[in-house]
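Here is the structure we will look at, set down as structure tokens.
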Amino acid sequence: MLEAIDLVKRFGAVEALRGVSFRVEPGEILGYLGPNGAGKSTTVKLFTGLQRPSGGTARVGGFDIVQQPLQAKRLLGLVPETGALFEALTPLEYLRFVGGLYELEPKPCERRARELLEYLVLDPGAWNRRMTGFSKGMKQRVVIAAAVLHAPQVMLFDEPLNGLDVEATVRVKALIADAAARGATILYCSHLLDVVERICSRIVILAAGRIQVDGKLSEILARFPGATLETVFQRLTGAAPELAPAARQEGSP
Amino acid sequence: MSQLWALLRVALTVDRRGGGPFRGRISRAEFAFGVTLFLYFCFGGVLATGAVSELPLLLRISTYFTLVGVFVAFNLLAASQQLLLAPTDIDVLYWRPIGGRTLFFARVLHLLVDACVLSAALLAAPLVDVVASVERGRVAIGLAFVGAAFLNTVAAVSVVVVAYTALLRSVSRERFHDALVWLQVVMALVVLVVYLGLDPLLEALDLRAAPMPRWAQLVPAAWFAHLPAALGAAPEARWAVFGAGLGVLAVGAVAAARMLAPQYAMDLVEALAADAARPLLEAGPRSGRRFSWSQVLVAGAGRDPMRRAGFDFFLAHLRGDRRLRLSLLPALAMPVVYSGFGLLASGGWDPYSNESLATTSVSRRAAMALFGAAWLFVALAVLTLRSLASSPAWRAAWIFFAAPTRRFDAFYVGVLGAAFYGLLLPTVLSVLVPLLLAWHDPVHAVVHLALPCGFATLGIALLLAVDPAIPFAREPLRHERSFHWLAALLVLVPVGILARLQYALRAHPLLLLLGGVLAGLAGALAVRLARSRLQTLPLLRPFED
């Protein structure tokens, strides 16, 4: 279970989150949407203990991330937007290291690491190569494997499909759906509305640090007759439809 | 415990493999580390054959340990950006269930391993010096020296860790990085003062036969020096002082572990988060008419668009890259501080005046400070050029390889021009103006700086021709900054000879001026050579076809 209770985050005079509250139940995939700077990544950072809230509470599996960080973090898996990892290591070295941080038994950890890399279609020839020269998609596969290696009960995905090819994208979506089916709680941040529409059971749209709407896709669309998720998003976030720059140059005065 | 070892093992592996391959199976980080160790070993050799080796045993070991402690602390502070503040750590590690204490100890152990290797390289020659100077129990004294050196290194690491974590907890999160930068600048100046001031200090105090001053016992390095000195039967050595030192170290370590460790991870994360949010907070509306020195500087870049792009590029880095400023600020302060010291110590003495040529009315130390400061420009030039090679944003250098430029040399000349106008020229003026005010003779002041500036130009051009590096296109490596500093300090050895030569030739100002002009012209020729090399940099070839 993941719970935000009146979350506030300030950076000096700038208020990135202004009293955000929601709850994600086990087995649920919450699509967390918003334009750039809306506060999505800040929310993720508050849930993972990477930042301390200026107000309110963030709970992971019932544990307050500030008061009981270790208990909360043991339940967490994160795919950060940055896709950061120690590139000087090989994928297997990195996953063994992550397993060591969760004190997993070496043999089962090795077996699961290999299974995940295989599932995420990372060429076995690359498993023992340093990641310095890897493409973005190859690194992203390792980041995802490292996030789910310890079978976390709560997973936070911040643009997890960045750089992935079609096959890997399909498999990651299946992995997320499978984890939810097994009772994991999932927060999924993305700008790809069609993906969110397909895999999320509930959607929250955030703008300027506030929740604009929270509900199932069908409920949201019912409130805006004739609208699509895209137009609802544009309306709620104040992003007026406009011509793309290229179109302006070619067709407009 | 397994978390601790996992963190330490990975930190050391990442250190070793950084920067990609250099040659064969050796990585760039390993090569840079090897060169640093060699330079440290040479530096230890210079120490062990200098004035320190003439001191009595206890004072000698104390001095070696103090110098090594200062150098190690500087090295650790200089590397703190990679060791303690690596932004990658946040997304990779800090959301994992790792306790603040575990993370803290993993980082401290990492520092300690690093510091021990550097200390070993620095103290190899002093160890030989100490062991060779005693007649009995050489093995025991050698072992005691190694043990005491380890404790001394632990003390140096502890000081750095306490300073760093105390700063983390006491300074506002938004200002933490700036405070750290200034701490490093101060530390760099301490290194400089220690390096330049040691011999004159020992000469002035004439400690060869005197007992160790009482105040020297307050220096932590001296506490541990009592161990090998007592075994070497030094009359002043006291077991009690060594024991007390050990006690202070243990108490300090326990206090640090209790007070600093638990909140370490969260404090660090908040400091990094606050730093990341700073551009957002500081981006307020700006007046369009606001005066900016960089606008004046850019106007001096000329109309060539490539050169201007290079000029803008460097100035933008100087404004926005704290690491670059950090690597250059202490270096810029060097000649200004040292020249000021020379002017004060000599009481405004003009070495080129007829009176001073007839009679020497100033100490050798003051004279050498005055001449040495001018020649520091050569070391400064080397350091500046080396600092341009790497950047944390090195990945953005793809633009150099992707842009279809045929005149990269013009871009580079723009970068160098900005470095010259933005950094080197103001520093030269900061030295020149006090000289003018003190000597009341512009010709003498210009003559004083002409030859060093000419050689600095030549140095930059030759370095550029030998090792042309695309600006800010290399991944910064561990030890890189201390390596540059050490290289700059070692450059001072031959430069010292040139300073003495200039002092000897001060009766011939025209000759010195001509020498400066010729060195400058040779530098201009070398720049032409460097420009042709820059046009054929291997990575640019695909775009030349």
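The values are calculated or read from the model by the stated rules, or taken from the named source; none is laboratory data. Keep in mind that what you see is a predicted model, and the values were worked out from it rather than measured. Positions of Cβ are backbone-derived with ideal geometry, glycine not excepted, and every protein chain shown enters the neighbour counts. These accessible areas exclude ligands, DNA and RNA; they are computed on the full protein's heavy atoms, side chains included. Shrake-Rupley method; radii C 1.70, N 1.55, O 1.52, S 1.80 Å.
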Seminar exercise, completed: With every protein chain in place, the accessible area of A:L193 for a 1.4 Å probe, in Å² rounded to the nearest 10, comes to 20
Exercise. Residue separation times 0.36 nm, minus the C-alpha to C-alpha distance between A:R114 and A:H191: what's the value?
Worked result: 24.7 nm
For this session: Loop only per DSSP, at most 14 neighbouring Cβ atoms within 10 Å: give me the trypsin sites (Lys or Arg not before Pro) in region B:122-177, ordered by residue number.
Result: B:R136
Exercise. Given a cut-off of under 8 Å on Cα pairs at least six residues apart, what relative contact order in percent is computed for chain A?
Worked result: 26
For this session: With a Förster radius of 45 Å, plug the Cβ-Cβ distance of B:A132 and A:Q68 into 1/(1 + (r/R0)^6) and report the FRET value to the nearest 0.05.
Result: 0.15
Problem set entry | Residues in region A:43-75 that a label on A:S21 would reach, taking backbone N under 16 Å of a point 7 Å out along Cα→Cβ | A:55-59
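So if we plug the beta-carbon distance of A:A177 and B:A403 into 1/(1 + (r/R0)^6) with R0 = 45 Å, what FRET efficiency do we get, rounded to 0.05? Show your work: numbers first, answer last.
Working: r = 44 Å, r/R0 = 0.97.
The value I calculate is 0.55.
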For this session: Using protein chains only (no ligands, no nucleic acids) and a 1.4 Å probe, work out which residues of region A:126-167 have their accessible area cut by at least 50 Å² relative to the chain alone.
Result: A:R130
Exercise. Which value in deg cm²/dmol, rounded to the nearest 500, describes the helix-derived mean residue ellipticity at 222 nm for chain A, given -39,500 (n - 2.57) per DSSP H run of n ≥ 4 and division by the residue count?
Worked result: -11500 deg cm²/dmol
Exercise. When only DSSP loop residues count, what trypsin sites (Lys or Arg not before Pro) in region A:129-214 have their Cβ near at most 16 other Cβ atoms within 10 Å?
Worked result: A:R129, A:R182
For this session: Sticking with the crude label model, points 7 Å out along Cα→Cβ, report the distance from B:V433 to B:L529 in nm, one decimal please.
Result: 3.7
Exercise. R0 = 25 Å: FRET efficiency of B:L189 with B:V466, Cβ-based, nearest 0.05?
Worked result: 0.25
Exercise. For A:82-89, what's the mean count of beta carbons from other chains sitting within 10 Å of each residue's beta carbon?
Worked result: 6
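Tally up the carbon and sulfur contribution to the accessible surface of chain A as a whole percent, 1.4 Å probe, everything protein left in place. Mind dumping the intermediate values first?
On the way: 5640 of 11150 Å².
Whole-percent figure for carbon plus sulfur exposure: 51.
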For this session: Find the accessible area per residue for region A:92-176; the probe is 1.4 Å, ligands and nucleic acids are left out, and the unit is Å².
Result: 42
Problem set entry | Residue mean of other protein chain beta carbons inside 10 Å, B:95-103 | 6
Exercise. Where in region B:1-68 are there trypsin sites (Lys or Arg not before Pro) that are in a DSSP coil and have at most 15 other Cβ atoms within 10 angstrom of their Cβ?
Worked result: B:R25
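Beyond a 30 Å Cα-Cα separation, which of these cross-linked pairs lie in this structure: A:K45/A:K107; A:K73/A:K216; A:K139/A:K216; A:K107/A:K216; A:K9/A:K107?
Check vs 30 Å cut-off fails for A:K45/A:K107; A:K139/A:K216; A:K107/A:K216; A:K9/A:K107.
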Exercise. Modelled label-to-label distance, B:F41 and B:F150, 7 Å Cα→beta-carbon offset: nm?
Worked result: 2.2
For this session: Take every Cα pair under 8 Å in region A:170-230 that's 6+ residues apart, average their separations, divide by the length, and report that relative contact order as a whole percent.
Result: 21
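At the nearest 100 Å², what buried accessible area, both sides summed, do you get for A and B when the probe is 1.4 Å?
3000
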